[in-house]
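Contents: one structure, followed by commentary.
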Amino acid sequence: MAALEEGFTLSGVPLGAGPHGLLGVEQSDKTDQFLVTDGGRTVILYKVSDQKPLGSWSVKQGQIITCPAVCNFQTGEYIVVHDNKVLRIWSNEDVNLDKVFKATLSAEINRIHSIQGTEPLVLFKKGAVRGLEALLAEPQQKIETVISDEEVIKWTKIFMVFRHPVLIFITEKHGNYFAYIQMFNSRTLSKYTLLLGQEEKSVIQSFSASVDQKFISLMSLSSDGCIYETLIPIHPSDPEKNQRVVRSLLLKTVVSGNARNGVALTVLDQDHLAVLGPPLPASKECLSIWNTKFQTLQTSKELPQGTSGQLWYYGENLFMLHGKFLTVVPYKCEVSSLAGALGKLKHSQDPGPQTVPHFVNWETSQGYGLQSSEHSKRILRRRKIEVSVQPPASKQLLSTIKKDSEKHIEVELCKFLAIKQTPDFHTVIGDIVLELLGRHKAEPSFYPRNSLMQLVQTHVLSYSLCPGLMEVALEKADVQMLQLCLQQFPDIPESVTCACLKIFLSINDDSLQEAEINMESVSDYSDSVQEEKMEEQTEILHNGFSPEENCDNCDRELNEKSRAAAEETTSCPVIPKRAALLNAILHSAYSEMFLLPHLKDIPAQHVTLFLQYLYFLYLKCSENATMTLPGLHPPTLNQIMDWICLLLDANFTVVVMIPEAKRLLLSLYKFVKSQICICSELNKIEVSFRELQKLSQEKNNRELYSIEVLELF
C-alpha cells in the first residue's frame with residue numbers, strides 16, 4: 001500500500017521563471033537540507049522540517065546558472081556552474097558568489113553529480129567525465145569527445161555499486177536513443193542502443209532508473225502514455241561493442257497520450273513508481289504512485305495549478321513545482337504485498353479519498369480491468385494463498401538459529417543468501433547476526449564462525465548494526481574475523497581498532513600460522529636488497545646535487561641511510577600473516593584526535609615492532625620510482641607515514657627509553673634530516689629553474705639559429 005500525505009509549500013517565492021525553469025533539487029550534507037537551483041541566477045538552501053530558507057546565493061547580472069548546484073559530501077562545500085564553463089565553489093559562510101573560488105574549464109558542462117562515498121563527477125556535454133579534483137588541478141585540460149556531434153544528452157544519473165560510482169547517461173539522435181554506462185572502478189564505457197520493441201515509435205518524455213548488483217533497470221515514460229522498462233547489464237560481455245537492449249512494456253497508459261508537457265516519473269523503491277501527469281486527456285495533472293509488481297494504481301493526488309513536469313524525491317519526500325511554487329509532498333510505501341495492492345490491508349486510520357486501487361491484467365498487462373474468467377480468478381486465489389501461508393524466509397532462518405546445530409544453520413544460511421535480495425536486506429542480515437550472537441551469549445560453546453563470516457561478506461553490515469560481533473571476535477582472538485571486519489566495516493570506533501592492533505601485535509607466530517588470513521595486501525617481502533644495487537643508487541639519492549658541493553654532511557647521512565636500508569630490508573620484522581593483519585589496520589579509517597589516547601595504551605615493545613614494520617614498508621616503497629608497494633591492496637605511502645607519526649606522537653617518551661628502539665629512532669632521525677637537506681638544495685636551484693623557464697618561453701628577436709649564454713648565480 002502507498003499513500004500521499006498533505007503537501008506543503010517550501011518556498012513562498014515564485015520559482016522556475018527563468019529560461020530553463022527550475023534546474024534541480026539536490027541533497028545537502030545535512031539530511032534535512034536541500035539545494036534548490038532556479039534557472040536564472042539563484043541557489044537557495046532550504047531546511048524542509050522548518051520550511052524555511054537557510055541561505056541564498058546569486059551570480060552577477062548577465063550570468064546564467066546552467067546546471068543544478070550540488071554539495072561536495074567530502075568537504076561540505078557547494079558547487080555550481082554558470083555560463084556552461086565556469087565553476088564556482090563556496091561554503092555556508094560565503095555571501096557573494098563573485099568572490100568565491102572560480103575555475104573556467106575548456107569545455108561545456110552538462111551536469112555535476114555528487115553522491116556519498118566518492119568525489120563529485122563532472123559530465124561534459126560531449127560525454128566525457130572527469131573527477132572534480134583532476135579538473136581543479138588543471139582546469140584548461142583538453143576534454144575528449146565521446147558522443148557524436150548530433151547526439152544530445154537527455155538524462156543522466158549516478159549510482160554507487162559495490163562502493164564504486166557508476167554513471168548512466170541517455171542520448172538522443174534523430175529519434176534514436178542510446179545509453180552509456182561509465183564504470184569508474186574498471187574505467188570502462190559501454191554503449192547500448194535502446195530498441196523500442198514492437199510498439200510504434202514514440203518520443204520518450206522522462207527517464208528514471210534503479211540498480212541492483214547485476215542490472216540497471218531503466219524506466220522510460222513515452223509520449224503514448226505508457227511506461228517501459230529496459231534492463232542494462234552493469235558488467236557487459238563486450239564493453240567495446242555497441243550492444244542492443246529492448247524495451248518491454250511495464251505499465252500501460254498511466255498518463256494521457258496527448259500530454260506533451262508536465263509529465264515525469266521517478267523510481268521510489270523496488271516495486272513503486274511516482275508519476276506526474278494527467279491520467280485522462282481532459283483531466284488536470286495528478287501526482288500518482290503505481291505498484292509495478294502487481295501493476296496497480298495505489299494513490300493519486302490532483303494538482304489544480306499545474307506543474308512543470310519535473311519531479312525529485314529524497315527520503316520520503318517528493319519535490320515538484322505546483323504552479324510557480326516549490327511544493328513538498330511526503331509519501332509512504334509499504335512492503336509490496338498482494339493484499340496491499342488490492343487495497344485490503346487493515347489500517348487503524350482511513351487512508352482517505354485519494355487512495356484509488358486500480359487493477360491491471362495479470363496475464364497480458366494490456367488493459368486496466370481484471371479478466372473475469374474463472375482461470376484468472378483461480379490464479380488470484382492461488383496467489384493470495386501463497387502470500388498468506390508461506391512465512392518469510394528470514395523468519396524461518398531465525399527460528400532455525402534458536403535450536404539447530406552450527407552445520408545445519410550454515411546450510412540454511414546459504415539457501416537464504418541465494419534468494420533474491422529485498423529492500424530491507426541489510427536490516428534482515430543485521431537481525432540474523434544479532435540472533436547468532438544472542439545464542440552465543442546464552443551458550444558460550446556455540447560460536448558459528450563460518451556463518452558469521454558469510455554474513456560479513458554480504459557487504460551490507462556495519463559496526464553500528466552489530467557492535468557485538470567484533471567484541472566476541474576480540475574475546476576469542478579470532479584474527480581472521482577481525483581482519484574481515486576491518487576490511488568491510490566503515491564505522492569502526494578507534495578504541496576497537498586499537499584493541500585489534502594489540503591482538504595482532506601480541507598473538508604468537510604459531511597461532512598465526514594456523515589461522516586463515518587474507519594475504520592480498522602482502523607481496524613477497526622476503527626478497528633481499530643487494531648491497532651492490534644500493535651502492536649503485538647512492539648517486540641517485542643525491543637528487544641532483546654533487547658531493548663536491550657544500551653539503552658533505554648530507555652526503556654522509558645519505559650514504560649511511562643507504563647502508564642501513566641495505567641491512568634492514570633484507571627481511572621483514574614480522575611474518576607475512578602478521579603483516580597482512582597490520583595492513584588491515586593501516587587501511588582502516590580513523591580520527592587522529594580519538595585514536596591517539598588509545599595508542600598510548602599499547603606496550604612499548606609492540607609499538608617498537610610496529611614502527612620497525614612501518615619503516616620496513618617505507619624502505620620497500622623507496623625501491624621504485626612510483627613509491628608504491630607491490631600487491632593487490634597494499635598500504636599507501638601516506639598511510640605508512642601517517643601511522644609512523646601517530647605512533648611517535650603517542651609513545652615517543654616511552655620508546656626513546658627502550659634500548660631496542662635506539663637504532664630505529666636513529667634511522668628515522670637520519671632519514672628526516674637528509675630529506676630536509678635535499679629540500680634545502682632544491683629550494684636553492686628553484687629560482688634558477690624559473691628563470692630558465694622564462695627564457696625558454698621568450699621567442700622574440702630570435703632567428704632560425706642563435707647561440708645563447710645563460711649565467712646562473
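Some values worked out for this structure:
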read-out	value
Candidate set: the stretch 212-225, residues that are open to solvent by 10 Å² or more (accessible area, probe 1.4 Å) and at pLDDT 90 or above; chosen: the one farthest from Phe184 (Cα to Cα)	Met219
Any hit, the stretch 84-91, residues being under 19 Å from Ile153 (Cα atoms) and either touching a helix residue (DSSP H, G or I) at 6+ places or on another chain (Cβ under 7 Å) or in the same structural domain as Val25 (by the TED database) (or both)	yes
Test: residue in the stretch 468-484 that is of a type outside the set (Ser, Thr, Tyr), over 23 Å from Leu595 (Cβ atoms) and under 28 Å from the mean Cα position of the chain (by Cα)	yes
Residue within the stretch 601-619 that is under 16 Å from Glu494 (Cβ atoms) and part of a loop (DSSP other than H, G, I, E, B) present	yes
Residue check for Phe319: open to solvent by less than 50 Å² (accessible area, probe 1.4 Å), at pLDDT below 90, out of contact with any Gly (no Cβ under 6 Å at 6 or more places or on another chain) and of a type in the set (Phe, Trp, Tyr)	no
Selection status of Ala137, hydrophobic (A, V, I, L, M, F, W, C) and either without any contact (Cβ under 8 Å) to a residue 24 or more places away in the chain or in contact with a helix residue (DSSP H, G or I) (Cβ under 8 Å, 6 or more places away or on another chain) (or both)	yes
Checking Ser283 against (1) open to solvent by 10 Å² or more (accessible area, probe 1.4 Å); (2) of a type in the set (S, T, N, Q); (3) in contact (Cβ under 8 Å) with a residue 60 or more places away in the chain, the condition it does not meet	(3)
Qualifying residues in the stretch 441-452 (those that are open to solvent by 20 Å² or more (accessible area, probe 1.4 Å) and either β-branched (Val, Ile, Thr) or over 22 Å from Ser506 (Cβ atoms) (or both)) - the one nearest to the chain's Cα centre (by Cα)	Asn450
In the stretch 280-291, residue modelled with the lowest pLDDT [restricted to those that are closer than 17 Å to Ala264 by Cβ and in contact with a strand residue (DSSP E or B) (Cβ under 6 Å, 6 or more places away or on another chain)]	Lys284
Residues of the stretch 79-110 classified as open to solvent by 50 Å² or more (accessible area, probe 1.4 Å), assigned to a strand (DSSP E or B) and under 16 Å from Cys67 (Cα atoms), total	2
Options Ser11, Ser28: the member that is in contact (Cβ under 8 Å) with a residue 24 or more places away in the chain, touching a Cys at 6+ places or on another chain (Cβ under 6 Å) and polar (S, T, N, Q)	Ser28
Selection from the stretch 580-598 of residues that are surrounded by 13 or more Cβ atoms within 10 Å (Cβ to Cβ) and either touching a Cys at 6+ places or on another chain (Cβ under 6 Å) or part of a loop (DSSP other than H, G, I, E, B) (or both)	Ser588, Tyr590, His598
Extreme residue, surrounded by the most Cβ atoms within 10 Å (Cβ to Cβ), among residues of the stretch 286-314 that are touching an Asp or Glu at 6+ places or on another chain (Cβ under 6 Å), part of a loop (DSSP other than H, G, I, E, B) and of a type outside the set (A, V, I, L, M, F, W, C)	Thr292
Among the candidates Val80, Val86, Val25, residue that is β-branched (Val, Ile, Thr), within 27 Å of Cys286 (Cβ to Cβ) and under 27 Å from the mean Cα position of the chain (by Cα)	Val25
Tally of residues being of a type outside the set (Lys, Arg), under 24 Å from the mean Cα position of the chain (by Cα) and assigned to a loop (DSSP other than H, G, I, E, B) across the stretch 147-180	1
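The values are calculated or read from the model by the stated rules, or taken from the named source; none is laboratory data. Because the structure is a prediction, the values reported are computed rather than measured. Every residue, glycine as well, gets a Cβ built from its backbone with ideal geometry; the counts of neighbours run over all protein chains shown. The protein model used for the area step is the full one, side chains on, heavy atoms only, and it has no ligands, DNA or RNA in it. Shrake-Rupley method; radii C 1.70, N 1.55, O 1.52, S 1.80 Å.
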